[in-house]
Amino acid sequence: MSADDYDRFADDYEAENATSLLNACYERPAVLDLVGDVQGRRILDAGCGSGPLAAELVARGADVTGFDGSPAMIDLARRRLGGTVPLTVHDLAEPLPYEDESYDVVVASLVLHYLEDWDGPLAELRRVLRPGGRLVASVNHPFAQVLNAPEDDYFKTRLYSEDVELNGQTTELTFWHRPLREVVRAVTDAGLDLRVLDEPGPSKDTPPELMPPRIASGERSAFFCFLFVVAERPGVVH
Ligand SMILES: C[S@@+](CC[C@H](N)C(=O)[O-])C[C@H]1O[C@@H](n2cnc3c(N)ncnc32)[C@H](O)[C@@H]1O
């Protein structure tokens, strides 16, 4: 799986992302909570897809820039965001086309798990953050692999695949698994201070028909799906 793959099912993914439990009621609200007050903040949306998070950040008063590796996803984002957000087709694995220290916040929502190497991309995300600025990232939770693929080596950074159904079509998505210690190492080696590792549950606003029954009943508060990371570029806050 890479950004190219999103070109094949951009419309179906956008539709799924708009209303699904995992995106609309869990991942996006969790990222927005972790980002906090964005009024007047300069935010880079790395791997912005069709722009649902960018749209929400703009609505909350942020000054947002976005990029994604998939031209089809960027086309959808342009349609959604009009001229409000500068958008670029760009690969997160390559050096970023942005000035040093030009953002208060970088959001990287469900994109880093497509990359084998995090060291170069995280160094670039740190470079474009101002001192005191924060990276808010979400990735597939590594412990989900322990549950879903107990025969595979949890401690190895390796590729794995999952079948996802989009609009009645089954699509194989491929991700890079990395153990939690490797997530933490990559973040800290990039010169970022780890502030939060979070495992929230779905939003309280999740429609009842989408809420997992064991969470609705109070038996559980969350499920293994995504891991949320907040890391700060150290330095003097201007
Ligand atoms: C699961 S979608 C998430 C999109 C968006 N962040 C959201 O939350 O709605 C993953 C996105 O990452 C993009 N992507 C995958 N690999 C990438 C890469 N190497 N560079 C930039 N974007 C990439 C895909 O094109 C896709 O739009």
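When you work out D = kT/(6 pi eta Rh) for the chain at 25 °C and 0.890 mPa s, using the Kirkwood radius from C-alpha pairs as Rh and the Stokes-Einstein form, the result is 135 µm²/s.
If the Kirkwood radius is taken over C-alpha pairs of the range 11-88, then at 10 °C and 1.306 mPa s the Stokes-Einstein diffusion coefficient equals 127 µm²/s. For a paramagnetic label modelled on ARG79 (point 7 Å from Cα along Cα→Cβ), amide N atoms under 17 Å away belong, within the range 1-31, to 6-19.
With all protein chains in place and ligands, DNA and RNA left out, the 1.4 Å accessible area ranks LYS204, LYS156 as LYS204, LYS156, largest first. Each label was represented as a point 7 Å from its Cα along the Cα-to-Cβ direction; for ASP117 and GLU172 these points are 2.6 nm apart. Distance between Cα centroids, the range 37-77 to the range 197-238: provide it in whole Å. About 20 Å separates the Cα centre of the range 37-77 from the one of the range 197-238. Selection among LEU110, PRO29, SER70 by position relative to the dipole of the chain gives PRO29 as farthest towards the positive end (Cβ unit charges, Cα centre). Where both residues lie in the range 81-196, what percent of DSSP beta bridges are antiparallel, nearest 5? Bridges in the range 81-196 are about 60 percent antiparallel. Taking Cα centre as origin and charging only the Cβ of basic (Lys, Arg, +1) and acidic (Asp, Glu, -1) residues, the dipole magnitude of the chain rounds to 820 debye.
The antiparallel fraction among DSSP beta bridges confined to the chain stands at about 55%.
A viscosity of 1.002 mPa s and a temperature of 20 °C, combined with the Kirkwood radius over Cα pairs in Stokes-Einstein, give a translational diffusion coefficient for the range 54-174 of 130 µm²/s. Calculate the length of the line joining the C-alpha centroid of the range 143-183 to that of the range 83-132, in whole Å. If we compute the Cα centre of each part, the gap is 23 Å. The residue among LEU194, TRP176, ASN148 whose Cα reaches farthest toward the positive pole of the charge dipole of the chain, with charges on the beta-carbon of Lys, Arg, Asp and Glu, is LEU194.
Protein heavy-atom accessible surface, 1.4 Å probe, per residue over the chain: 48 Å². Each peptide in 70-83, 22-35 was scored by the mean count of other Cβ atoms within 10 Å over its residues; highest first, the order is 22-35, 70-83. Listed values for the range 113-125 are Karplus-derived 3J(HN,Hα) couplings in whole Hz (6.51 cos²θ - 1.76 cosθ + 1.60, θ = phi - 60°), namely 6, 8, 10, 6, 9, 9, 5, x, x, 5, 4, 5, 5, and x replaces Gly and Pro. Between GLU219 and THR188, what is 0.36 nm times their sequence separation minus the Cα-Cα distance? Round to one decimal in nm. So the chain would gain 7.6 nm between GLU219 and THR188.
The values are calculated or read from the model by the stated rules, or taken from the named source; none is laboratory data. As the structure is a prediction and not an experimental result, all values here were calculated from the model. With ideal geometry, Cβ positions are generated from the backbone for all residues, glycine too; neighbour counts draw on all protein chains shown. Heavy atoms of the whole protein, side chains included, go into the accessibility calculation; ligands, DNA and RNA do not. Shrake-Rupley method; radii C 1.70, N 1.55, O 1.52, S 1.80 Å.
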